[in-house]
Structure formats: C-alpha cells, structure tokens
Amino acid sequence: MWLLVISAFGFLIPNGLFLRWLLTDYRGLGPIWSDHLALAFIIDVFIAMLLLAYWYAKHPIGRIRWQWFVVLSIVGGLAFSLPLYWWLNARSLVTRG
C-alpha cells in the first residue's frame, strides 16, 4: 500500500507543478533549451530512466514488461513510475503465485 501512496505523491506533486507550469507559464521550447540547469536535469533523468529500463529488461522483477516502466516514466516521472512499476509487478506475482 505504501508504494501506491508514494506513487500518487510522485504523480500529483511533481507532475502537478509541471502541469501548472505548462498551462500558465509555458513560452515554447526556446526557454527550455537556454536553461542549462533544466536541460541537464532532463538529460540526467532520461539517462536514469534508460538505465533502469535496461536493468528491468535484463532482470525482470515480475510479469509486467520493462516497456511499461518507460511509458509510466514518461507519463508521470520517476517518482511515479518506480513505485507503481514495483507495486504492479509485486501484485502480479501474488495473483499468479
């Protein structure tokens, strides 16, 4: 249950801030490309997502495939996708086993 709480927090708080920015302050891609700190953070998180996806592809933790981890990460970020992916796989092992 605690994984769902962490996942909900990761989806609502960081993504809530992102959606608020997107709806109220978005000025196009130019400011994003010129903000080197934001760009470095985006690249860092994307690399972390790819490394984790590679790990999950080589060492599956359950029946839910690694591609779903990538989809969840893009939709909701790592604070959302990591606990939810873990919970989904743990749940699939319990229902299967």
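Scanning segment 17-50 for residues that are closer than 27 Å to W66 by Cβ and of a type outside the set (A, V, I, L, M) returns F18, F41, D44, F46.
Scanning segment 50-81 for residues that are in contact with a Phe, Trp or Tyr (Cβ under 8 Å, 6 or more places away or on another chain), assigned to a helix (DSSP H, G or I) and of a type in the set (A, V, I, L, M, F, W, C) gives L52, A53, A57, W66, W68, F69, L72, A79, F80.
Every residue, every condition in (1) touching a residue at least 40 places away in the same chain (Cβ under 8 Å); (2) under 12 Å from the mean Cα position of the chain (by Cα); (3) surrounded by 19 or more Cβ atoms within 10 Å (Cβ to Cβ), yes or no:
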{"site": "P60", "(1), (2), (3)": "no, no, no"}
{"site": "R65", "(1), (2), (3)": "no, no, no"}
{"site": "W68", "(1), (2), (3)": "no, yes, no"}
{"site": "V71", "(1), (2), (3)": "no, yes, no"}
{"site": "I74", "(1), (2), (3)": "no, yes, no"}
{"site": "F80", "(1), (2), (3)": "yes, yes, yes"}
{"site": "L84", "(1), (2), (3)": "yes, yes, yes"}
{"site": "S92", "(1), (2), (3)": "no, no, no"}
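Within the set L17, L3, the sole residue that is surrounded by 10 or more Cβ atoms within 10 Å (Cβ to Cβ) and in contact with a Phe, Trp or Tyr (Cβ under 7 Å, 6 or more places away or on another chain) turns out to be L3.
Taken together, the values in this text are just the output of simple stated rules run on the coordinates, not laboratory data. Everything quoted here is computed from the prediction, not taken from an experiment. A quick note on method: Cβ atoms are made from the backbone with ideal geometry, for glycine too, and the neighbour counts reach across all protein chains shown.
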